[in-house]
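Worksheet: one structure, shown below.
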Amino acid sequence: MKRPAPLRIADLLVDPSVFADTRGERCRLEECKGACCRNGVFLDARLRDTILARADEICGHLPATRHDPAEWFDDERMMHADFPSGEGVATAVLTDPDDSTLDTCVFRRPDGLCALQRTDPALKPIDCYTYPILRSEGELTVDRWSKDELDGADCQRACTPPRPILEVFEDEFVRILGRDGYARLVAAARGGSPAGSDQSSS
Ligand code: SF4
């Protein structure tokens, strides 16, 4: 796809990286075992409160060694408008009991599934749903760093021909931008400037 001029959609400045190709198809959980969850995630402080209020339910989806809610979040905070409450809270990261050379988010289960999502899909942080598409500090971009930080774990399988990130991660873009916003993004990638688009040269 042709790379368009910088533009802004839904208050997000679109980074040109989203118009690139992937290294292949999206991951398969049975292969990666949720590798993108190894470093944990920052989530909104209000969601943390909801998670703690439903701890009993969540414990039913976690190994017995992780049933203490006091150990689910660490002290790291991120005060930023990216979070609806203005405060981001980090999930705890543990040494993976199945591989002591790797870490894991406290909510990532041995089968690679997220205990929050298994309890109630509404409990899973939005940034976990949209990964590797990132909505950060007013920018829409794609993660380009975790592959190196996660010992080669990747959300894109390099064994298949590259395809546009816009195609492979359509669902993730739609979750962030909505269907109309995604259509604008695709039109921009094709060099169009559809009516209603909010283009900016900033
Ligand atoms: S909260 Fe769930 S989806 Fe998000 S990083 Fe942790 S285990 Fe993965």
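The table that follows gives values for the structure above.
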{"read-out": "Residue count for the stretch 52-97, restricted to those that are at pLDDT 95 or above, of a type in the set (Asp, Glu) and surrounded by fewer than 13 Cβ atoms within 10 Å (Cβ to Cβ)", "value": "3"}
{"read-out": "Residue in the stretch 75-87 that is in contact (Cβ under 8 Å) with a residue 40 or more places away in the chain, basic (Lys, Arg) and either over 22 Å from GLU30 (Cα atoms) or away from the ligand (no atom under 12 Å from the Cβ) (or both) present", "value": "no"}
{"read-out": "Residue in the stretch 110-135 that is farthest from the ligand (Cβ to nearest atom), counting only those that are within 19 Å of ALA90 (Cβ to Cβ) and of a type in the set (D, E, K, R)", "value": "ARG135"}
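The values are calculated or read from the model by the stated rules, or taken from the named source; none is laboratory data. Just so you know, these numbers come straight off a predicted model, no measurement behind them. Every residue, glycine as well, gets a Cβ built from its backbone with ideal geometry; the counts of neighbours run over all protein chains shown.
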